[in-house]
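Down below is the structure, laid out as structure tokens.
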Amino acid sequence: MDPRSPEQNGQRDIENWAAKVDRLHVADDLRTYGYNIEGRRIAGPMNGFGRLWQRTYTADIGTAATPERVVADWRAHFGDYWPRMGRFHGTISAINPGDVAPLTAVGVTTGIMVLYADDTSFTFLTPEGHMFAALITFSCESSTSGGTIEQIRMLLRSSDPIFEALWPLTRRGEDIFWPRTLKNLAAAHGVHNVTVQEHTECIDRRRLWKNWSNVRYNAGLRTIGHTFTVPFRPHTGKSAN
Amino acid sequence: MPAHEATMAVLPLAPGAAAIAITGDVTAACEQELMLAHEQATDSGAKLIVLDFAGMEYMNSGGIGMLITLLIRCQRRHQKLVASGLTEHYRQIFELTRLDEAISLHDDMDQALAAL
């Protein structure tokens, strides 16, 4: 028997973390969009192919709302703050640890799993086949001046050689997508014309060639395949591309 | 919830091996301390670095990101990074995030030293 107290035993945060799963499963009502997630494994930054980047976007929204309030709102309406180039197919309830949600970004259907969530942050991991093998944390913290800073921080590698070749484009896409998300979130709390700071650092220049075969799960190729085979599949009443 | 400041103590284990004993709360805020501890272990000539989590009280997802960064540093220096003393809860998080594929998990320090 472990003699340590529950707190020492890691129980203090147990409800903040997703339970362990070997394969991802999509809820029945999201199956239409979950074809690139169902049965896949998680792919963290060590399971990707390309160079490892740490990217951070921050926006200072002043004293408009506390970090807890902004994060509660962000968790409850996550997809609503996305720009129109992306669509989050999550449920209407708040983001919770263990949730698996499909998404479509720039025409590619993939998804995320919620690894961790607390009052001031939540973190996603990506499945095999996603454009990035990534750990993405959305958070808010108090600034030294007493204001609130929204932040998106990601550790990511392109998943496979195809996505790595597309990195200059996907990077540019990220630089449009996430600042707009932070601006939309700020606007929801009455702060307009917020400035978003971006910082990118290459953590590892190596490409992990042992993971080149991730290409078999490439969500871009599979989305194209899925789209072209729609006429030959039984009609489900809903388009998923 | 109250934050318990993390401490990172470097302990020599054997020739070529050092432990970083982690206590308190592990979050992204303690990245500098962990990297300093790693530098100290590297300066002592360690090729095996054991992260001893027996005294850790709490870790958030920022802590996981920090461990990935440390792992890359170790790989660059041809060091092996292993972990010991994780509770079942955190062991499952390492497995869920597939960090256990890159950082082998051991029940205690003796077992970790066998990796040398």
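Since every read-out is calculated from the coordinates, none of them should be taken as a lab result. None of the values given here were measured: they were computed from a predicted structure. Heads up, the Cβs are rebuilt from the backbone with ideal geometry, glycines too, and the neighbour counts pull from every protein chain shown.
For this structure, a couple of remarks:
- Cα coordinate range in the protein assembly as shown, projected on the principal axes (Å, largest first): 64, 48, 41
- Nearest-ten-degree value, helix A:67-76 long axis tilted from longest Cα axis of chain A: 30 degrees
- Cut-off 10 Å between beta-carbons: net charge of the residues surrounding A:E164, Lys and Arg +1, Asp and Glu -1: +2
- Cα long-axis angle, helix A:167-188 against chain A (0 to 90 degrees, to the nearest 10): 40 degrees
- Ranked list, fewest to most other Cβ atoms within 10 Å of each Cβ, for B:D52, B:D100, A:D99, A:D28: A:D28, B:D100, A:D99, B:D52
- Approximate shape of the range B:7-113 as ellipsoid semi-axes (Cα gyration tensor, √5λ), whole Å, largest first: 19, 15, 13
- Top of A:V70, A:V26, A:V106 by mean-square fluctuation, Gaussian network on chain A, Cα under 10 Å: A:V106
- Basic side chains Lys and Arg get +1 at the Cβ, acidic Asp and Glu get -1 at the Cβ, and with that the dipole of the protein assembly as shown about its Cα centre reaches some 1860 debye.
- Cα gyration tensor shape for the range A:1-149, rounded if a/c is under 1.5, else prolate or oblate: oblate
- Distance from the C-alpha centroid of the range A:146-201 to that of the range A:97-128: 15 Å, rounded to the whole angstrom.
- Projected label points at A:T229 and A:K210, each 7 Å from Cα along the beta carbon direction, are separated by 3.1 nanometres.
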